[in-house]
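*Asks:* Structure provided below as structure tokens; questions to follow.
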Amino acid sequence: ACDQLVPSCTTCNPLNNTCDTCALGNYRKDSGRTCSACSSLISSCTVCSADNDLGTTVTCTQCADNIILKNNICVDCYLYILSCVTCNKVNNTCATCADGNYRKDSGAACSPCSDLVQSCVSCTANNELGTAITCSKCAN
């Protein structure tokens, strides 16, 4: 079988004993002689592709859960987007902000409700850009 010839390989080239396609989460390296895990070069990267036949540079296209992709690096969503509690790894944004905050700029940021409505402690954004909010609770 293919993966016995080159571990983590899904499509082999029997003519030269190399790998044409590596399993998901791996990339072709050394002109197809090996398959390496995406995370071996880019921490928390789960899907990637080699930028050249030697596999010396890799482009990450997807990161692990609650990790978002920024500039070919997988970063903890909660550190990158302050006050975010649920990340959307499909589009690398925040899906849900912490209580007392609202989604702003289509999920690129979370901002305190009190930024738009004084003394507001719980709110929801009225649009994707977060230019208007509905305050549901004010400070006592």
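The values are calculated or read from the model by the stated rules, or taken from the named source; none is laboratory data. None of these values were measured; they are calculated from a predicted model. So basically every Cβ, Gly included, is an ideal-geometry build from the backbone, and we count neighbours across all protein chains shown. Note: areas computed on protein heavy atoms with side chains; ligands, DNA, RNA excluded. Shrake-Rupley method; radii C 1.70, N 1.55, O 1.52, S 1.80 Å.
*Asks:* For residue 47 and residue 33 in one chain, what is 0.36 nm times their gap in residues minus the Cα-Cα distance, to one decimal in nm? Intermediate results must be reported in sequence, preceding the final value.
*Replies:* Details: separation 14, 0.36 × 14 = 5.04 nm, distance 1.93 nm.
3.1 nm is the gain from fully extending residue 47 to residue 33.
*Asks:* Roll a 1.4 Å probe over the protein chains and send me the accessible area per residue for the chain in Å². Write down the numbers at each step before the final one.
*Replies:* Values: 8000 Å² over 140 residues.
In whole numbers, the chain has 57 Å² accessible per residue.
*Asks:* For residue 100, what residues show an amide H to amide H distance below 5 Å, using hydrogens built from the backbone and excluding near sequence neighbours?
*Replies:* Answer set, sorted by chain and number: 123.
*Asks:* For the chain, just give the cysteines left without a disulfide-compatible partner, judged by no other Cys Cβ under 4.7 Å.
*Replies:* 138, each lacking another Cys Cβ under 4.7 Å.
*Asks:* Semi-axes of segment 1-99's equivalent ellipsoid from the Cα gyration tensor, sqrt of 5 times each eigenvalue, largest first, rounded to whole Å? Write down the numbers at each step before the final one.
*Replies:* Details: eigenvalues 224, 27, 13 Å².
They are 33, 12, 8 Å, listed from largest to smallest.
*Asks:* When the accessible area of the chain is computed with all protein chains present and a 1.4 Å probe, what percentage of it is carbon and sulfur?
*Replies:* Numbers: 4050 of 8000 Å².
Percent of accessible area from carbon and sulfur atoms in the chain: 51.
*Asks:* For the chain, what is the mean residue ellipticity at 222 nm derived from helices alone (per DSSP H run of n ≥ 4: -39500 (n - 2.57); sum divided by total residues; nearest 500 deg cm²/dmol)? Let's see the in-between values first.
*Replies:* On the way: 2 runs with 8 residues, N = 140.
Roughly -1000 deg cm²/dmol at 222 nm, from the helical runs in the chain.
*Asks:* Which value, in debye to the nearest 20, gives the size of the charge dipole of the chain about its Cα centre, when Lys and Arg are +1 and Asp and Glu are -1 at the Cβ? Walk me through the numbers on the way to the answer.
*Replies:* On the way: 8 positive and 11 negative charges, 31 e Å.
In debye, rounded to 20, the chain gives about 140.
*Asks:* Now for a different question. Accessible area of residue 131, 1.4 Å probe, to the nearest 10 Å²?
*Replies:* For residue 131, the solvent-accessible surface is approximately 100 Å².
*Asks:* How long is the gain from residue 126 to residue 108 if the chain were fully straight, where each residue apart is worth 0.36 nm and the alpha carbon distance is subtracted?
*Replies:* Value of the extension gain: 4.9 nm.
*Asks:* Moving to a separate point now. Residue 5 to residue 65: extension gain in nm, 0.36 nm per residue of separation minus the Cα-Cα distance?
*Replies:* 18.5 nm
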